[in-house]
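Have a look at the structure below before the remarks.
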Amino acid sequence: MSFVEYGDTIKDGDTAIVFLGHESMFPVKVQHGTVTQTKYGVIRHSTDLIGKKYGSKVTCSKGGWVFILHPTPELWTMNLPHRTQILYSTDISLITMMLELKPGSIVCESGTGSGSLSHALIRTVAPTGHLYTVEFHQQRAEKAREEFREHGVEHLVTVTNQDVCKNGFGVSNIADAVFLDIPSPWEAIGHAKSALKAEGGRICSFSPCIEQVQRTCLAMEEYGFTEINTLEILLRVYNVRTISLQIPDLGKAAEDNSSAGFDSSSASNPGSPCTDAQAGTVQFKSGVPLRDMVGHTGYLTFATKSLF
């Protein structure tokens, strides 16, 4: 099993996702002789998981069932053990695009944290690229190495335990892009510039506070970065549902005009409103925003290393 090379069959030692529902799933390490408890009963790894295909529907001991999914960076982001605050797919997708990442890219990252962004970056640059990720906290760095090894991507990533603001990334003039998610990113801008290729590259800094953004932008200007801009993503989810409205009574003249102008072809059009003449109502699909939405997560500041 690998997060970048998908396999069909569940094997001993794999990391799999137990899917109970869209709002209920969790990762499990498949091990011979081990059992996993769910609200639907026990899952026996030896008989219920090992040798089965990913995506299989597995019946638990109480008669309920779950699906066993192959892990992806997106599923891992939703289910990983949180050692720090993490980035979610909304921000990750923009970071990947704005840093112009592709297979073969070399990326430097600090800090590693819980590895949410790291897994997405590794999947993007595979199979010939590489991620150099720096984590200040020793235990988090060791845990990240262990997870990358279990997930079959250790050949695509190098984890370093050091202070990026003092010691940099440990590489020079090889990176296509640099990502910073640290309390004082302005102190690491010089090291980021040194890590980027001589012919240029992109940098991104994630900061939750606007004061951090201001200091980071000043440091970027000082080190000669260009095309500096800051973005914030606010994801607004809409609920598509059927709404019924009462047909207004506009009198006999309006009813005659409506009948004369009726196009029979519209009745067979699935996109047109559905009229219930007996009830005097019309039904149509409408997108309604949810009452609650995720607000501010952080600011993403992007810039380009100048060639001059």
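Give LYS11/LYS102; LYS11/LYS53; LYS143/LYS166; LYS143/LYS193; LYS11/LYS57; LYS102/LYS166 a once-over and call out the pairs whose C-alpha atoms are over 21 Å from each other. Beyond 21 Å between Cα atoms: LYS11/LYS102; LYS143/LYS166; LYS143/LYS193; LYS102/LYS166.
Computed with a 1.4 Å probe over protein heavy atoms only, the accessible surface of region 9-71 comes to 52 Å² per residue.
Each part gets one Cα centre, and for region 64-81 versus region 142-161 those centres are 19 Å apart. Each Cα pair under 8 Å and six or more residues apart adds its sequence gap; the mean of these over the residue count of region 9-71 is a relative contact order of 35 percent.
If you take the alpha carbon atoms of region 9-71 and fit the smallest convex hull around them, that volume is 67 Å³ per residue. Each Lys or Arg adds one and each Asp or Glu subtracts one; over the other residues with Cβ under 12 Å from the Cβ of HIS130, this totals -3. Near CYS60, once Lys and Arg are set to +1 and Asp and Glu to -1 for all other residues with Cβ below 12 Å from its Cβ, the sum equals +3.
For LEU231 and THR90, compute 0.36 nm times the residue count separating them, minus their Cα-Cα distance, and round to one decimal in nm. The partial results should precede the final answer.
Numbers: separation 141, 0.36 × 141 = 50.76 nm, distance 1.24 nm.
That works out to 49.5 nm of additional length.
The stretch between ARG241 and GLU146, if pulled fully straight at 0.36 nm per residue, gains 29.7 nm over its current Cα-Cα span. Hey, what did region 98-216 get for relative contact order, percent, Cα under 8 Å, at least 6 apart? 26 percent.
When the accessible area of the chain is computed with all protein chains present and a 1.4 Å probe, what percentage of it is carbon and sulfur?
53 percent
To the nearest ten degrees, helix 116-125 and the longest principal axis of the Cα atoms of the chain are 80 degrees apart.
The angle between the Cα long axis of helix 89-98 and the main principal axis of the chain comes to about 60°, on a 0 to 90 degree scale.
Relative to the longest principal axis of the Cα atoms of the chain, the long axis of helix 138-150 lies at roughly 60 degrees. Peptides 125-133, 61-69 ranked from most to least packed, by the mean per-residue count of other Cβ atoms within 10 Å: 125-133, 61-69. When P(r) over Cα pairs in 10 Å bins from 0, in percent is calculated for this entry, the matching label among (i) 5, 24, 31, 18, 5, 5, 6, 4, 2, 0; (ii) 5, 21, 23, 17, 14, 10, 6, 2, 0; (iii) 6, 22, 25, 16, 10, 8, 7, 4, 1, 0 is (ii).
Take every pair of alpha-carbon atoms less than 8 Å apart whose residues are at least six positions apart; their mean separation over the length of the chain yields a relative contact order of 14 percent. Each helix, a run of at least 4 DSSP H residues, gives -39500 (n - 2.57); summed and divided by the residues of the chain, these come to -6500 deg cm²/dmol at 222 nm.
Sorting the segments 188-196, 212-220 by their residues' average number of neighbouring beta-carbon atoms within 10 angstrom, most packed first, yields 188-196, 212-220.
The values are calculated or read from the model by the stated rules, or taken from the named source; none is laboratory data. Everything quoted here is computed from the prediction, not taken from an experiment. Cβ atoms come from the backbone with ideal geometry, glycine included; neighbour counts cover every protein chain shown. Surface accessibility is based on the protein's heavy atoms, side chains included, excluding ligands, DNA and RNA. Shrake-Rupley method; radii C 1.70, N 1.55, O 1.52, S 1.80 Å.
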